[in-house]
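**Student:** Please read through the structure below; I'll follow up with questions.
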Amino acid sequence: MPLSVVIITKNEAHIIGKTLLSLQGIANEIIIVDSGSTDATLSVCRQFNTTIIETTWDGFGNNKNKGIEAAKHDWILSLDADESINEALKAAIIHLPLNNSNEIYSLKRKNVFCGKIIRFGNWGSDQQIRIFNRKAAKWDDAYVHESLTFFEPVKKLKLPGSLIHYTVHSLEEYIGKTINYAKLNAKKYHLQKKKANYFKLIFSPAFTFFVHYILRLGFLDGWEGYFIAKTNAWYTFLKYMYLRDLNKNNNIIQLN
């Protein structure tokens, strides 16, 4: 079908094979945009007849756009390296007409924490726009938490089935990701000229925990729900702490 899959990677050898295996039979082009992997990521990708673009790291949005621009087809399925599609979603994608460039498709995402699917909290109700026509949309240039920019009005449709997001394999990995994303988001806020104050440092983390653990029923996921809510609160504190340092020193290089 006239669909190109775009995946950005860096040191994803532990998971990229599962992702690529789930895509077999969906698209006749899979583009890997790799920003300097030092493990076996590219070796695994070559086993699946992918097109590999080796490049520098210029942020999530920009690197995704590199793959979109290189694609043979206008219709794009954008995935993260740790996302697989289940059989129901695979069947739905295969039967898409893809004849209206103003239609975009939202996919339900199930997030997996150390082998357990999280059903509640901020990870429990997760919809992601991942199929679109590049004539109607592109990713913004945000360093992190990138989003699609639409050139004209679009109609959003939901597909059955799910993306399976193997987001956390170990607590050590989760802590490392949290710190890295906090730094990237602080840099993003700094470039947007946002400010950090003591109110945000003190009250925003507590509010984040309350929303995700209590209001969004994160406690129903057991200790995993508690740990995720607690780490999200810590992430909120870190990003404002890093942002405060950037505001003070006016120097984004310190967080590289």
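The values are calculated or read from the model by the stated rules, or taken from the named source; none is laboratory data. What you see is a predicted model, and the numbers here were worked out from it, not measured in a lab. Neighbour counts run over all protein chains shown; Cβ positions are idealised from the backbone, glycine included.
**Student:** Please find, within the range 20-52, the residue that is surrounded by the most Cβ atoms within 10 Å (Cβ to Cβ) out of those that are under 14 Å from Gly67 (Cβ atoms) and hydroxyl-bearing (Ser, Thr, Tyr).
**Tutor:** If we take residues in the range 20-52 being under 14 Å from Gly67 (Cβ atoms) and hydroxyl-bearing (Ser, Thr, Tyr), then Thr50 is surrounded by the most Cβ atoms within 10 Å (Cβ to Cβ).
Residues checked against (1) in the same structural domain as Arg134 (by TED's automatic domain parsing); (2) within 14 Å of Asn122 (Cβ to Cβ); (3) surrounded by 15 or more Cβ atoms within 10 Å (Cβ to Cβ):
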site	(1), (2), (3)
Ala182	no, no, yes
Ala186	no, no, yes
His190	no, no, yes
Phe210	no, yes, no
Asp221	no, yes, yes
Tyr240	no, no, yes
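**Student:** Could you please give the count of residues in the range 82-109 that are surrounded by 20 or more Cβ atoms within 10 Å (Cβ to Cβ) and over 27 Å from Phe151 (Cβ atoms)?
**Tutor:** The total comes to 2.
**Student:** If you don't mind, another one. Name the helices (runs of 4 or more DSSP H) wholly within the range 168-256 that hold at least 3 residues that are of a type outside the set (Ser, Thr, Tyr) and farther than 30 Å from Ser84 by Cα?
**Tutor:** 198-209, 222-249
**Student:** Considering only the range 114-124, I want to know if a residue exists there that is more than 21 Å from Leu77 (Cβ to Cβ), without any contact (Cβ under 8 Å) to a residue 60 or more places away in the chain and not basic (Lys, Arg).
**Tutor:** Yes, there is a match, as at least one residue in the range 114-124 is more than 21 Å from Leu77 (Cβ to Cβ), without any contact (Cβ under 8 Å) to a residue 60 or more places away in the chain and not basic (Lys, Arg).
**Student:** Then there is this: What are the residues in the range 132-164 that are surrounded by 15 or more Cβ atoms within 10 Å (Cβ to Cβ), touching a residue at least 60 places away in the same chain (Cβ under 8 Å) and in a strand (DSSP E or B), if any?
**Tutor:** Lys138, Trp139, Leu159, Gly161, Ser162, Leu163, Ile164
**Student:** Does Ser43 qualify as being assigned to a strand (DSSP E or B) and either polar (S, T, N, Q) or in the same structural domain as Leu159 (by TED's automatic domain parsing) (or both)? Reasoning before the result, please.
**Tutor:** Working: assigned to a strand (DSSP E or B): no; either polar (S, T, N, Q) or in the same structural domain as Leu159 (by TED's automatic domain parsing) (or both): yes.
In short, no.
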